[in-house]
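A quick write-up on the structure given underneath.
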Amino acid sequence: MMMSSPVVRQAVLCQSSFFFSLLTETSNDNLVWETVLTQTAEAFETLRKALQYIENADIAQHMHGTVRILASILQVQRFEIAVLSFDNCRAHLFAALALFEHLMRSSVPAIEDPKLQFQSVLDRLGPTSRLLPGLSIEVQSAEQAAFTFSTALLILDDIVASTILQEPPRLYEYHRALLYATTDSPPVVDVESVIGCQNVVLLQIGEASNLDTWKQQRKRAGNLDVMELVRRAMSIKDALENHLGSLTSISANTSWRTGTLLDQTCALADGDQRLFVTRIWGHAALLFLSVVVSGWQPANTEVQHHVGALLDLLDLQKHPPALLRSVAWPFCVAGCLAMPSQEARFRAHMQALGRTSIFGALRKASKIMEDVWRSRDSEDRSNRDLATFFRTEGDLVLLV
């Protein structure tokens, strides 16, 4: 797909120059940065022209091109976050969401079921191919794989953004159809295979964010029913606690590659790593829910239990430090609610990353945490919430 699509090619080029410079530790940083800036500008211009063309055309007639643009927007956004540029987060996220929604509603005749909508898009991007004649194993086309992968990233970004904007996830109507697994079939979109966190935890973060929106609306209207708030929160809490309780202990026999940055990133595919990531996201989800229901209570026993549990997981030496990049949002949520005695442990994890700590999401998370710690004794503690702290760093700071 990169070879046939200028949009994808430009998105990949601006990232590859930057990441290759990290791996090779080149001494000519100015030249590398000039190359990165040039390629980023070219990527933006290519995306702009592609979006302009799609806006004036029928998406149903340009399915493959639209998917390539969607994938490229998300890749460029990941690159911008990596280099500490969050100014375009909202624009890129909303553009990607709009393209996804157009793709899902492009079937003729119209299809209402989100699961069937998704399958319809895949069918029109196909066909799949078989590894060998006679084998039942099918391989997706490049555009099918790009759409599935991009959907997983987009759902994650949308959920994380909703916790900051205090709005329901824009793709909330698709969650149940695309993310839920049944006893008979896996989920249509497996976010776990992309970031390591199991769907069920992300679903509950989306529910908690939706609950936060409901709470804010009721407060503004002056008719918040606290008992109803607690009742709704309990179903989310029970789902998270039950799932965390069902996860087995992380294997003590797993050995991790500790060589290059690429080696450490690839280790995420292992099953124990996924359990590790899911548990971290799960504890952060319960912390987020606690703030939604009870407000800013960092000294609360239950809050401190989850902050401590998350830190204990991060302290496990068998997990490569680079894995922290996949849990930037949970890391920041727990860090904001840390007690003074826990600050050093959070800082130690950032320091252990070495050169990889330059990745934007983690550096921004660290700055947000430090700002929260410095303002710990301010007079407006009763009005604090996580969204307020995240928004002090910009309109939309996506820690992904």
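A few comments on the model shown:
- Of the two radii for segment 69-114, the radius of gyration is 1.15 times the Kirkwood radius, both from the alpha carbons; that is the Rg over Rh value.
- A full extension of the chain between GLU101 and ALA239 corresponds to an added length of 46.8 nm, given 0.36 nm per residue minus the alpha carbon distance.
- Among ASP377, ASP385, sorting on how many other beta-carbon atoms sit within 10 Å of each Cβ, with the fewest leading, yields ASP377, ASP385.
- Too-long pairs where the Cα-Cα distance tops 32 Å, listed order kept, from LYS219/LYS367; LYS215/LYS367; LYS115/LYS367; LYS115/LYS219; LYS219/LYS364: LYS115/LYS367; LYS115/LYS219
- Difference of contour (0.36 nm per residue) and Cα-Cα distance, GLU393 to THR128: 91.0 nm
- Cα-based convex hull, segment 274-350, per residue volume (Å³, whole number): 78
- Arranged from fewest to most other beta-carbon atoms within 10 Å of their beta carbon, ILE54, ILE69, ILE205 become ILE54, ILE69, ILE205.
- The simple Förster model, with R0 at 45 Å and r as the Cβ-Cβ distance, assigns LYS219 and VAL83 a FRET efficiency of 0.75.
- The length gained by stretching the chain between ALA299 and ILE137 to full extension, at 0.36 nm per residue less their Cα-Cα distance, is 53.1 nm.
- Equivalent-ellipsoid semi-axes of segment 182-250, from the Cα gyration tensor, Å, largest first: 29, 14, 10
- In nm, spacing of pseudo-spin labels at ALA91 and GLU45 (7 Å Cα→C-beta vector): 1.6
- Report note on the peptides 285-295, 190-200: ranked by the mean count of other C-beta atoms within 10 Å, highest first, their order is 285-295, 190-200.
- Using the Cβ-Cβ distance between ARG231 and THR35 with R0 = 56 Å, the FRET efficiency computed as 1/(1 + (r/R0)^6) comes to roughly 0.50.
- In plain terms, the residue of TYR53, TYR174 with the fewest other Cβ atoms within 10 Å comes first and the most crowded comes last, giving TYR53, TYR174.
Each value in this text was obtained by applying a stated rule to the coordinates, not by laboratory testing. Treat the numbers as computed from the prediction; the structure is a model and nothing was measured. Cβ atoms come from the backbone with ideal geometry, glycine included; neighbour counts cover every protein chain shown.
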